[in-house]
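J.: For reference, the structure I am asking about is given below.
Throughout, read-outs are computed from the coordinates displayed, never taken from laboratory work. For clarity, every value in this text was computed on a predicted model and none was experimentally measured. Cβ placement follows ideal geometry from the backbone for every residue including glycine, while neighbour counts extend to all protein chains displayed.
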Amino acid sequence: MSEAEAPLVFSTPGGLCVRHRGRLLYSERDPSRLPKRTAAACDRGPRRLHLVFSPLLWYGIAQLVENMGPGSAVLCVEADPALARLSREAMPPALSASERVSFLESDSPEEVLLHAQELGRFRAASVLALSGGEALNSALYDRMGALVSSEIASAWRNRASLMVMGRLWARNVFANLAELPFMRLEPPPRFPGAVVVCGAGPSLEEALPFISARRKSVSVVACDTALGSLLAAGIEPDLLVCLEAQAHNLADFTPLGASAQRTIADLSSHPATFRAVRGPKHLSFVSFTDSPFLRRLAGVLDSLGIPYLAMPPLGSVGVHAAQLALRLARGPVLATGLDFSFELGKTHARGTPGILSEERRLTRTGRWNAQYEISFRPRNLEAPCPPLPDGRRLLSDPVLLSYAELLAGSLAAGSLAAGRESEERKTEAAALYDIRGRGPSIGAVSLTLEKAAALLDSPPLGATSLAAANGDAEGTGQAGAAAPCAPETGLGPNGGALSAALDGFLAAERGRLEELREAMKGRARMSPERFSARLGEADYLYWSFPDADRVKELPQDVLNRLLPEIEFWIWRIDSASGTLREELI
């Protein structure tokens, strides 16, 4: 960079000031006054990450360090190379030596996020403008701040979910491991052409005629709750997606009766999910937290050759289904029913369990009571989207909106297309199109149903659906025909060896817990370092703890809660092992 492009530092009656690219970056009258006032008014809560873009002469940073709460840190970022050089030269020695202050030269939001994660675990992020240098790259700095804040908020949402659901997820994982030899799992299917991914929102109703008219040229991936609505319209999904860890969603399968249905369910799903539906079964494995136990389990599944699809934690079954469809499709993916919003008095499409249950309770004086009760919950708010054609505004809530943002963020980051093999790249990579016609943005290109039809009718997208391909292979030509089913009971060809191997994995898990229990009861000696390491390996013991970050410190109150957990999980593992051994007999 030439000298002419270097920032100009000059003296004023109030101290040094900076001019760069034709702009004053501090006040000429008193350069440090406003930065110090802004820093003094910072968020003083604990474990805050304070982002300072373009620190320049470091005015206000010392006051920020003095006033911020315990466990907090300051991350200063500069994207302009000339200003970064100035910041490094002007950084006071006391701040340079501080462990609570970090400086990064970068124009990459992802690099800033990675650096922020290396600094520690924070509860929130705040952005402080302490110089005019921030305005020189305001759009870039806004993206950096939004990404860091979003990731911190997401991490805490995930932590809250783990606290509420973690124990149940772990219970389901152990229970499903005992059933794996019976499941006769198949590798996930690949979809040869376009795919429609269906949630259970009201927009699904409008798309049903569109799907029916093109059933032989599109595959259908459906969330479990959308099954009844699709079957009522004569549409049998090519793949049913299940993620629910609780038993609530088992009613979704009632419309199937004894019919077969190709299903993919997660290893953390309720165990009855795998037994409630006949037909080919596939397995997904969501790493819902960064866990030594889950990594160890994934290694075992890989070593045993058990087919599964590794998935990131996405919370909503709708976002999860969109992820699956994009991973498995060779053509475009059209999204409908993933509304993340609802009408006043109507939360789901017709034919879904919630609507059917309400219809059974209808009387002349009582109409849609539960649906209207849901519509007037305290946390409901107007959805950030245009109204319906008749002028009615849509409603949503913070959880639904967070799922929409998660899907949009995943699309923007390109993570939904990750993991596609090289042979799939011979055709156009799958892209998500929004044909809902309503609801908050999901980050996809919006298409009317007419434009979606034109997209599907244009070559080379007129490929057959998976269902039509299966039907032709069987000589039936019936759209939606299921592939031949493996026997529903009995061990598979390698079931005995698989049961023995999984029993060995469970025995090793029990051994870790037994070692911890013996040490806690004083029957065996173990150093604090080894105890902490063993505890970290069995992290599912404290997924439900609200203060899980204190476990490694081994305070007495945490130890008091750990012993009952160890006893509980030894019992659960013994139960799973007993199931496996019964299969071997």
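J.: Per residue and in cubic angstrom, what volume does the convex hull of the Cα atoms of segment 495-584 have? Show your work: numbers first, answer last.
T.: Details: hull volume 8.9 nm³, N = 90.
Each residue corresponds to 98 Å³ of Cα convex hull volume.
J.: Using 0.36 nm per residue, how much length does the chain from Thr12 to Ala82 gain when fully extended, once their Cα-Cα distance is taken away?
T.: This chain segment gains 23.1 nm when fully extended.
J.: Another question about this same structure. Give the separation of the Cα centroids, segment 227-241 to segment 515-547, in Å.
T.: Taking the Cα centre of segment 515-547 as reference, the centre of segment 227-241 is 47 Å away.
J.: Beta carbons within 10 angstrom, averaged per residue: use that to sort the peptides 559-570, 280-291, highest first.
T.: Details: 559-570: 15.2, 280-291: 19.5.
So the order, starting with the most tightly packed, is 280-291, 559-570.
J.: In whole Hz, what ³J(HN,Hα) sequence does segment 189-203 give by Karplus (6.51, -1.76, 1.60; θ = phi - 60°), x for Gly and Pro?
T.: x, 10, 9, x, x, 6, 10, 10, 9, 10, x, 9, x, x, 5
J.: Could you tell me the relative contact order of the chain? Use alpha-carbon pairs under 8 Å, at least six residues apart, and round to a whole percent. Numbers along the way, then the final one.
T.: Values: 1039 pairs, mean separation 81.5, N = 585.
Reported relative contact order: 14 percent.
J.: Where a ≥ b ≥ c are the square roots of the eigenvalues of the C-alpha gyration tensor, would you call segment 158-218 rounded, which needs a/c under 1.5, or, failing that, prolate if a/b is larger than b/c, or oblate?
T.: Values: a/c = 3.51, a/b = 1.63, b/c = 2.15.
Since a/c reaches 1.5 but b/c is at least a/b, the shape of segment 158-218 is classed as oblate.
J.: When the label point is put 7 Å from the Cα of Glu105 along its Cα-to-beta-carbon vector, which residues of segment 1-40 have a backbone N closer than 12 Å?
T.: Label zone hits: 1.
J.: What is segment 3-155's relative contact order, in percent, from Cα pairs under 8 angstrom and six or more apart in sequence?
T.: On the way: 278 pairs, mean separation 38.3, N = 153.
Reported relative contact order: 25 percent.
J.: By per-residue mean of other Cβ atoms within 10 Å, what is the highest-first order of 378-387, 521-530?
T.: Working: 378-387: 13.0, 521-530: 9.9.
Ranked from most to least packed, the peptides come out as 378-387, 521-530.
J.: Could I ask something else about it? Mind checking the dipole of segment 129-189: about its Cα centre, +1 per Lys or Arg Cβ, -1 per Asp or Glu Cβ, Debye to the nearest 20? List each step's numbers first, then the result.
T.: Working: 6 positive and 5 negative charges, 64 e Å.
Roughly 300 debye, rounded to the nearest 20.
J.: Let me ask you something else. As I understand it, the dipole of the chain uses +1 on the Cβ of Lys and Arg and -1 on the Cβ of Asp and Glu, about the Cα centre. Which of Gly45, Gly409, Ala431 lies farthest toward its positive end?
T.: Gly45
J.: Oh, and also: Distance between Cα centroids, segment 298-363 to segment 130-195: provide it in whole Å.
T.: Comparing the Cα centres of segment 298-363 and segment 130-195, I get a distance of 15 Å.
J.: From the residues Leu516, Leu562, Thr225, which one has its Cα farthest along the dipole of the chain in the positive direction, the dipole being from +1 and -1 charges on Cβ of Lys/Arg and Asp/Glu about the Cα centre?
T.: In the chain, that residue is Leu562.
J.: For the peptides 185-193, 92-100, 361-369, 156-164, what is the packing order when you average, over each peptide's residues, the other Cβ atoms within 10 Å and list the highest mean first?
T.: Values: 185-193: 17.9, 92-100: 11.8, 361-369: 9.9, 156-164: 15.4.
Output ranking for 185-193, 92-100, 361-369, 156-164: 185-193, 156-164, 92-100, 361-369.
J.: So, with +1 on the Cβ of K and R and -1 on the Cβ of D and E, and no other charges, what is the size of the charge dipole of segment 1-147 about its Cα centre, to the nearest 20 debye?
T.: Values: 16 positive and 17 negative charges, 127 e Å.
It comes to approximately 600 debye.
J.: I would also like to ask the following. What are the ³J(HN,Hα) values, in whole Hz, obtained from phi via the Karplus relation 6.51 cos²θ - 1.76 cosθ + 1.60 with θ = phi - 60°, for each residue of segment 531-539 in sequence order, with x given for Gly and Pro?
T.: 3J(HN,Hα) across segment 531-539, in whole Hz: 4, 5, 5, 4, 5, x, 5, 9, 5.
J.: Once you sort the root eigenvalues of the Cα gyration tensor of segment 119-253 as a ≥ b ≥ c, which label holds: rounded (a/c under 1.5), prolate (a/b larger than b/c) or oblate (the other case)?
T.: Oblate, because a/c is 1.5 or more while a/b does not exceed b/c.
J.: Taking 41 Å as R0, compute the FRET efficiency from the Cβ-Cβ separation of Arg21 and Asn67 and round it to 0.05. Please report the intermediate quantities before stating the final value.
T.: Numbers: r = 31 Å, r/R0 = 0.76.
FRET efficiency, Arg21 to Asn67: 0.85.
J.: In addition: Can you tell me, using C-alpha contacts under 8 Å and at least 6 residues apart, the relative contact order of segment 279-341 as a whole percent? It would help to have the intermediate numbers written out before the result.
T.: On the way: 32 pairs, mean separation 21.4, N = 63.
Once normalised by length, the contact order is 34 percent.
J.: Whose amide H sits under 5 Å from the amide H of Val127, counting only residues 5 or more places off or on another chain, with H placed in the peptide plane?
T.: Here Leu51 satisfy the definition.
J.: Would you kindly calculate the mean projected area, averaged across all directions, of the convex hull enclosing the Cα atoms of segment 222-365, in square nanometres? Intermediate values should be presented prior to the final figure.
T.: On the way: hull surface 42.7 nm².
Projected area, direction-averaged: 10.7 nm².
J.: Compute the Rg/Rh shape ratio of segment 69-183: radius of gyration over Kirkwood radius, all on alpha-carbon atoms. Walk me through the intermediate numbers first.
T.: On the way: Rg = 20.1 Å, Rh = 16.9 Å.
Answer for segment 69-183: 1.19.
J.: Rounded to the nearest 20 Debye, what is the dipole magnitude of the chain about its Cα centre when Lys and Arg each give +1 and Asp and Glu each give -1 at the C-beta?
T.: Values: 62 positive and 66 negative charges, 203 e Å.
That gives the chain a dipole magnitude of about 980 debye.
J.: If you don't mind, another one. Compute for segment 3-155: radius of gyration divided by Kirkwood radius, i.e. Rg/Rh, restricted to C-alpha atoms, rounded to two decimals. Can you show the working numbers first?
T.: Details: Rg = 14.7 Å, Rh = 15.5 Å.
Taking Rh as the inverse mean 1/r over Cα pairs, Rg/Rh reads 0.95.
J.: Right, another one. Only one of the listed values, [x] 88, 71, 59; [y] 70, 54, 54; [z] 132, 61, 44, was derived from the coordinates as Cα extents along the principal axes in Å; which label is it?
T.: Computed from the coordinates, Cα extents along the principal axes in Å corresponds to [x].
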